[in-house]
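The values are calculated or read from the model by the stated rules, or taken from the named source; none is laboratory data. The structure displayed is predicted, hence computed values, not measured ones. Cβ sites come from the backbone with ideal geometry, for glycine too, and all protein chains shown count toward neighbours.
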Amino acid sequence: MKIPVTRKELGHPLPGFAHPGDAGADLTASERVAIAPGGRVLVPTGLAIAIPEGYAGFVLPRSGLAIKHGVTVINAPGLIDSGYRGELRVGLVNHGEHVFTIEPGDRIAQLVIMAVQTPEFYEVADLDETVRGDGGFGSTGLGSS
């Protein structure tokens, strides 16, 4: 699959894979941004992409940023619909104890492109029965009988 990309600045890196077989392509910051402890920011990437119909982009955290610095994607996974053509921006939150500064070119998130289906929803009087039924949060874990 080939995905067209435009750049705001010549030379800014396109999304890229660190290793053969990687599912997530690195997204990099196009501007310097400081994130205060507990702060949330929208970090520009300087890129716009054309995801084909039938696919969507999912923006996921980088594990190193999350573990080492407490910086992660706030709405993980972020969703990029196939019809969106604006600049990709990544919402980050700093769960760490210190200001974290992102420099242009720093890898800030990963982009995964996946096939998606657009279902047709329709109303019925009742749903089919399952073993789980209407058991919700925590219904199969710690504290349940």
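Taking interchain pairs and intrachain pairs at least six residues apart, which have beta carbon atoms under 6 angstrom, with the first residue in region 13-35 and among the β-branched types (V, I, T) and the second assigned to a loop (DSSP other than H, G, I, E, B)?
T28/P13; T28/G105
When the residues of region 51-74 are narrowed to those that are surrounded by fewer than 16 Cβ atoms within 10 Å (Cβ to Cβ) and more than 14 Å from I108 (Cβ to Cβ), which ends up nearest to the chain's Cα centre (by Cα)?
Checked region 51-74; the qualifying residue nearest to the chain's Cα centre (by Cα) is Y55.
For region 28-145, which fully contained strands (runs of 3 or more DSSP E) count at least 3 residues that are among the hydrophobic types (A, V, I, L, M, F, W, C) and under 23 Å from F17 (Cβ atoms)?
On the way: elements: 33-35, 40-44, 47-49, 55-60, 71-73, 78-80, 89-94, 100-102, 107-115.
Fully inside region 28-145 and qualifying: 47-49, 55-60, 107-115.
I need a count of the residues in region 126-144 that are under 32 Å from the mean Cα position of the chain (by Cα) and at pLDDT 90 or above.
Residues meeting the conditions: 0.
State the number of residues belonging to region 1-27 that are part of a strand (DSSP E or B) and either touching a Leu at 6+ places or on another chain (Cβ under 7 Å) or of a type in the set (S, T, Y) (or both).
Residues in region 1-27 being part of a strand (DSSP E or B) and either touching a Leu at 6+ places or on another chain (Cβ under 7 Å) or of a type in the set (S, T, Y) (or both): 5 in total.
Being in contact (Cβ under 8 Å) with a residue 24 or more places away in the chain and not aromatic (F, W, Y) is the requirement here; does I102 meet it?
Values: in contact (Cβ under 8 Å) with a residue 24 or more places away in the chain: yes; not aromatic (F, W, Y): yes.
Judged against the criteria, I102 is a match.
Considering region 87-129 alone, what residues qualify as being crowded, with 18+ Cβ neighbours inside 10 Å and among the aliphatic types (A, V, I, L, M)?
L88, V90, L92, V93, I102, I108, A109, L111, I113 - these are the residues of region 87-129 that are crowded, with 18+ Cβ neighbours inside 10 Å and among the aliphatic types (A, V, I, L, M).
Surrounded by 15 or more Cβ atoms within 10 Å (Cβ to Cβ) and not acidic (D, E): is that true of L10 in this structure? Give the steps one after another, and end with the answer.
On the way: surrounded by 15 or more Cβ atoms within 10 Å (Cβ to Cβ): no; not acidic (D, E): yes.
No; evaluated as a whole, the condition is false for this residue.
Could you list all residues from region 98-114 that are within 19 Å of E31 (Cβ to Cβ) and aliphatic (A, V, I, L, M)?
Passing the criteria: V99, I102, I108, A109, L111.
In region 116-125, is there at least one residue being closer than 30 Å to V71 by Cα and modelled with pLDDT of 90 or more? Please lay out each step first, then the result.
Residues of region 116-125 closer than 30 Å to V71 by Cα: 116.
After this cut, where a residue has to be modelled with pLDDT of 90 or more as well, the list is 116.
Yes - at least one qualifying residue is present in region 116-125.
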